[in-house]
1. Scan L463, L499 and give me the residue that is crowded, with 20+ Cβ neighbours inside 10 Å and closer than 18 Å to F423 by Cβ.
2. Give the range 541-595 a look and list any residue that's assigned to a loop (DSSP other than H, G, I, E, B), among the hydrophobic types (A, V, I, L, M, F, W, C) and under 41 Å from the mean Cα position of the chain (by Cα), or say none.
3. Given (1) outside the structural domain of L551 (by TED's automatic domain parsing); (2) under 24 Å from F547 (Cβ atoms); (3) touching a Ser or Thr at 6+ places or on another chain (Cβ under 9 Å), where does C484 come up short, assuming only one miss?
4. Taking the conditions exactly as written (modelled with pLDDT of 85 or more and surrounded by 11 or more Cβ atoms within 10 Å (Cβ to Cβ)), does I220 satisfy them or not?
5. Report every pair of residues separated by at least 6 positions or lying on different chains whose Cβ atoms are under 6 Å apart, first residue within the range 450-461 and over 15 Å from V481 (Cβ atoms), second of a type outside the set (D, E, K, R) and part of a helix (DSSP H, G or I).
6. Does at least one position in the range 618-631 carry a residue that is part of a loop (DSSP other than H, G, I, E, B) and buried (at least 17 other Cβ atoms within 10 Å of the Cβ)?
7. Taking the range 270-287 on its own, how many of its residues are in a helix (DSSP H, G or I) and surrounded by fewer than 19 Cβ atoms within 10 Å (Cβ to Cβ)?
8. How do the pairs read when you match residues in the range 630-647 that are aromatic (F, W, Y) with residues anywhere that are assigned to a loop (DSSP other than H, G, I, E, B), using Cβ under 9 Å and keeping only pairs 6 or more apart or on different chains?
Amino acid sequence: MAKVKRKQVSSGKQKKKVLKSNTNGIQQKSSKHLKVKKIAKHDFSTMSVDEFFNKGLDDSNSDSEELSEDAILNSSMNNVDNHDEVDSDIEQGSDEEMDEREDEADKHKRDLEKLKKSDPEFYKFLQDNDNKLLNFNLSDEEEDEEDDNEKSQVHKPSGNLEVASDESDFEDDDENNKPKDNRVITLRMLKKWQSDIHTDKSNKTIIDLTQAFHAALFRIANQDEDKEPSHFRVEAHQFSTHEDYLILGSAVFNGVIQLCVLELGPAIRRFLGLQQGSKQPPHKCKKFIKIKRILKGYFTDLLQLLLGVTSANIQTILLKHLHYMATLLVSYPNITKSLIKRLITLWGTADDAVRVVAFFCILRITNTQRAGVLDTVLKSMYITYVKNSKFVSFNGLAAINFMRRSLIEMFALDTSVSYQHVFLYIRQLAIHLRNAITMNKKENIQAVYNWQFVNSLRLWGPLLTVTYNKTTMQQLVYPFVQVCLGTIKLVPTAEYYPLRFHVVQILMDLTKETGVFVPVLPFLLEVLTTYDFNKKHQRVSMKPLHFTCLLRVSKSQLQENVFKDTVIETIYGQLLESLTAQSHSIAFPDLSLICTIQIKQFLKKCKNANYNRKLKQILEKIQQNCEFIENERAKVTFNITNFKQIEGWEAQIKNKGTPLSTYFESWSKLRTIKKNKQLTNNEELGDYKLPTIKKVKRVINKESGEKVELFPSDSEDEEGENINEKPRRGKRGGKNVNKKFVDESGPVDDGGEKDIVQDIEIDNW
């Protein structure tokens, strides 16, 4: 309606302008016409003298008056007629003008629609950068008038404005008479809440505290996102872009977070009447309905805070608070899923301390909501474990081991649910292995020979070991062992020896803990028979080679001397460990027979004394253990088919100890110490712990009694040479090394500390 009125006013103005111009023109025309008539009526040049004198002055005056009156009447009538004609012309002109402008607008809109279909990218660019061009409006002049009116109506603040001080929270009580906004959070309000939350039996303080937490969250939240407005604001000295919030001061922000973390959880439990360790769901409490909506909003804000915070210390504090509040999440399954997703991300990618607390939160939430959450948690954690175990290094090995052990604990919670997941994932590994064997292509082999595949085997092996007492999980041992053996046999070349040793270690751990016999000795002895250890190395490397973080050895590493050393060392350790696991068996002499024969053959072929010495030591321990078992077995009186008595006899021998197991225990302790040094890089760190000279002592020449400078400069004169000794030629052609030194450093204050560097004797120098 306002736009229509403005259009009528503007059209009226245009009409008035046109009327004025037309009436002025008509008046000018009429006046000229009258003058012409008068001149034509009283043309004295054509009169004679007699006719001029016969006419009187009165007649001329009357005639002129009549003429003037007639002209005025005629002109007025003509003006009225002309005015009507002008009005009709103006109306026709304005209608035509409006029609033309409307046609232009329609044409502009049609052009824009064509542009939208033909070039949508350019149309989107115009929407982002020049939206006024798309929103074409005919009333541009009216908009300008509106802008002028708005500018004239802008509020101008008065000059008597007060500036807020930085110490507004600590003003005197005398200034409290001034009106204040109760929604502004101050440190005094936080102190009041801290005292009230212990005594308030209603939900008022809890509601105020959760709303204050929401206000604090808005300070670090994204301003573009739509947030539910909070009841409170937090006092600060810079205004935010949101109309209901102020930017938090750091002291108030920290106070709100600290108060919620420390006091909110116990206060909610007191309000609901939940005792410590109670398993009652919160939604079954009578007062839960009073804080249901508030508690849901608080958990949502806590999730947003966990998504936005990157500091490890703050994440640890928030996760500990969430661990305390985890039992209250039973009533909010939708929020629980989002929280678990974030917790699993932290468990897989965050720092070590954050990983541990995140796992405890996942474990507690899963225990309280096992029926609805466990299936999702197992799947998500396994996918996260596989994603983050793609690369293995000494720095990341601890994190991968932690994820594997914690995931094993999660799978062990409920074997009936875990069986389905373990069966599915072992089947996936078997499918990858089958494709690699049948197709024999490079990409299919690489799908098996990678760290993700090996780390999956490392996960399922210990899991089957832990859950072997469950009948459902025992069924998965055989397919798992077949996948491991197929992985070893896929590419049995020297460059994949590290992968072979990793898989053999997995099978040995399974055999040791479960008692399931897996024939791993042939895969170790195969290396001794197939690889030529007498071949001379082409490259020499002083740096030791570790198979801990390797699956494949490069061609250059195969040519180094350390490769053969590492292979022999690994075979030595795994042979000991495998034989020790069967050292108490009544059939040990028979099991070790093939191993003894192949080791003797290797000793005949190998010419390296170091390698022969290690394998001779193993051979001696095997023979000692065989003699021990044969002596004990000779005393047996029960039948060989009596399996229960055989199991009892083996348990007795195991507790008693065998020569091989005794030697392996002492050797494994030394190996563990050595491995820990390698993992922690103690040798490298030791190089940086060099002693520092805290005091420089003067050294006096015993023969001459003169002071000697420790580090002479090259520009000094070569005086005071020792004639008795022969001159030493340096690398750069210096004549003498022994020179006269002068100490000009002066005394050094060492604070009474004892010097840790020995004095340098000039004779030794």
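1. Details: L499 fails: closer than 18 Å to F423 by Cβ.
Every option except L463 fails the conditions.
2. First, the residues of the range 541-595 that are assigned to a loop (DSSP other than H, G, I, E, B): 541-554, 559, 582-587, 592.
Next, from what is left, pick out any that are among the hydrophobic types (A, V, I, L, M, F, W, C): 542, 545, 547, 549-551, 553, 586-587.
M542, L545, F547, C549, L550, L551, V553 - these are the residues of the range 541-595 that are assigned to a loop (DSSP other than H, G, I, E, B), among the hydrophobic types (A, V, I, L, M, F, W, C) and under 41 Å from the mean Cα position of the chain (by Cα).
3. (3)
4. Taking the combined requirement at face value, the residue does not satisfy it.
5. Q452/V386; V454/H502
6. Just the residues of the range 618-631 that are part of a loop (DSSP other than H, G, I, E, B), to begin with: none.
Within the range 618-631, none of the residues are part of a loop (DSSP other than H, G, I, E, B) and buried (at least 17 other Cβ atoms within 10 Å of the Cβ).
7. The initial filter retains those residues of the range 270-287 that are in a helix (DSSP H, G or I), namely 270-272, 282-284.
Right, trim to surrounded by fewer than 19 Cβ atoms within 10 Å (Cβ to Cβ) and you get 270, 283-284.
Final tally of qualifying residues: 3.
8. none
The values are calculated or read from the model by the stated rules, or taken from the named source; none is laboratory data. All values derive from a computational prediction rather than experimental measurement. Please note: Cβ atoms are built from the backbone with ideal geometry, for glycine as well, and neighbour counts cover all protein chains shown.
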